[in-house]
DNA sequence: CAAACGATCGGCT
DNA sequence: GCCGATCGTTTGC
């Protein structure tokens, strides 16, 4: 079942980040379907969160989609080469988003391998490095910053998220500080990163 | 207009 | 563990 707007419109982005664990992220470009179980997320919340691009509710051309209604994709270029995929949440005017940091491949593994390792004559086998880390999973799924603003709820959207009845009890969820936001002051300590303890497809904080 | 800076990754030590 | 790649966004002059 595809997630509906009531999932994304909730105003507690930290809870949404937890709830996205165990959901399935899907892309279908040019008839190539790739899907993965979401295993790691981070919440970002303007205006009070200094680590959020829209901190202080500042609107720039880039952050504009963060202010849109929940259910859109915010995809931006990081370090000049990585395209990071976020899910916008909350109602219009709230700049809240969840960064998807890792997935476990479910379908389309060969397509993911071809996208990630296009120059290797023999692509490697499926392994955590294929889809662990926000830049890695976005590349594997064919996500690109040019697609920012995509509506995950549109029937013809090439990107969406599904609920497939995978049970994620609280005991499977671990939480800790977000990665790469050390310069965000006190916000850097907030435990707004979540991951599935038992997944091998998580960048750090396994176990 | 110039310049600094990333919500990272992979290769090498 | 450390370091370089690489470029759009943002801010400051």
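The values are calculated or read from the model by the stated rules, or taken from the named source; none is laboratory data. Keep in mind the model is a prediction, meaning the values are calculated, not measured. Neighbour counts are summed over all protein chains in view; Cβ atoms, including those assigned to glycine, are modelled from backbone coordinates with ideal geometry.
Any residue at all in the range A:59-67 that's crowded, with 24+ Cβ neighbours inside 10 Å, outside any strand (DSSP E or B), touching a residue at least 12 places away in the same chain (Cβ under 8 Å) and touching a strand residue (DSSP E or B) at 6+ places or on another chain (Cβ under 8 Å)? Working first, answer last.
First, pick out the residues of the range A:59-67 that are crowded, with 24+ Cβ neighbours inside 10 Å: A:66.
From what is left, the residues that are outside any strand (DSSP E or B) are A:66.
Okay, now just the ones that are also touching a residue at least 12 places away in the same chain (Cβ under 8 Å), so A:66.
Checking which are touching a strand residue (DSSP E or B) at 6+ places or on another chain (Cβ under 8 Å) leaves us with A:66.
Looking through the range A:59-67, at least one residue is crowded, with 24+ Cβ neighbours inside 10 Å, outside any strand (DSSP E or B), touching a residue at least 12 places away in the same chain (Cβ under 8 Å) and touching a strand residue (DSSP E or B) at 6+ places or on another chain (Cβ under 8 Å).
I want to confirm something. Restricting to the range A:129-168 and keeping residues that are assigned to a loop (DSSP other than H, G, I, E, B) and within 13 Å of DNA strand C (Cβ to nearest atom), which single residue is farthest from residue A:180 (Cα to Cα)? Break it down stepwise before answering.
Residues of the range A:129-168 that are assigned to a loop (DSSP other than H, G, I, E, B), as a first pass: A:131, A:133, A:141-144, A:148-150, A:152-158, A:163-168.
With the extra rule that they be within 13 Å of DNA strand C (Cβ to nearest atom), the set shrinks to A:133, A:144, A:148-149.
Working: A:133: 12, A:144: 21, A:148: 22, A:149: 24 Å.
Step by step, filter the range A:129-168, then rank; the result is A:149.
Could you say whether any residue in the range A:182-190 is without any contact (Cβ under 8 Å) to a residue 60 or more places away in the chain, within 16 Å of DNA strand C (Cβ to nearest atom) and under 22 Å from residue A:12 (Cα atoms)?
no
Which of the numbered conditions does residue A:101 fail, given that it passes all the others? Conditions: (1) over 20 Å from residue A:198 (Cα atoms); (2) within 16 Å of the chain's Cα centre (by Cα); (3) crowded, with 17+ Cβ neighbours inside 10 Å.
All conditions are met except number (1).
Could you tell me whether any residue of the range A:81-94 is within 11 Å of DNA strand C (Cβ to nearest atom) and crowded, with 20+ Cβ neighbours inside 10 Å? First the steps, then the outcome.
Going through the range A:81-94, the residues within 11 Å of DNA strand C (Cβ to nearest atom) turn out to be A:81-83.
Adding the requirement that they be crowded, with 20+ Cβ neighbours inside 10 Å leaves A:83.
Yes, that holds for at least one residue.
Being under 26 Å from residue A:33 (Cβ atoms), modelled with pLDDT of 95 or more and either surrounded by 21 or more Cβ atoms within 10 Å (Cβ to Cβ) or within 14 Å of DNA strand C (Cβ to nearest atom) (or both), is that true of even one residue in the range A:113-124?
First, the residues of the range A:113-124 that are under 26 Å from residue A:33 (Cβ atoms): A:113-124.
Narrowing further to those that are modelled with pLDDT of 95 or more: A:113-117.
Remaining after also requiring either surrounded by 21 or more Cβ atoms within 10 Å (Cβ to Cβ) or within 14 Å of DNA strand C (Cβ to nearest atom) (or both): none.
Within the range A:113-124, none of the residues are under 26 Å from residue A:33 (Cβ atoms), modelled with pLDDT of 95 or more and either surrounded by 21 or more Cβ atoms within 10 Å (Cβ to Cβ) or within 14 Å of DNA strand C (Cβ to nearest atom) (or both).
Does residue A:141 fit the bill of being under 13 Å from the mean Cα position of the chain (by Cα) and under 16 Å from residue A:73 (Cβ atoms)? Please lay out each step first, then the result.
Values: under 13 Å from the mean Cα position of the chain (by Cα): yes; under 16 Å from residue A:73 (Cβ atoms): yes.
It is true that residue A:141 is under 13 Å from the mean Cα position of the chain (by Cα) and under 16 Å from residue A:73 (Cβ atoms).
Which of the residues that make up the range A:1-22 are assigned to a helix (DSSP H, G or I) and either buried (at least 16 other Cβ atoms within 10 Å of the Cβ) or in contact with a strand residue (DSSP E or B) (Cβ under 6 Å, 6 or more places away or on another chain) (or both)?
Hits for the range A:1-22 are A:7, A:8, A:13, A:14, A:16, A:17, A:18, A:19.
Return the residue satisfying two criteria in turn: it lies in the range A:23-53 and is more than 20 Å from residue A:131 (Cα to Cα) and touching a strand residue (DSSP E or B) at 6+ places or on another chain (Cβ under 6 Å), and of such residues it is farthest from DNA strand C (Cβ to nearest atom).
Top of the filtered list is A:45.
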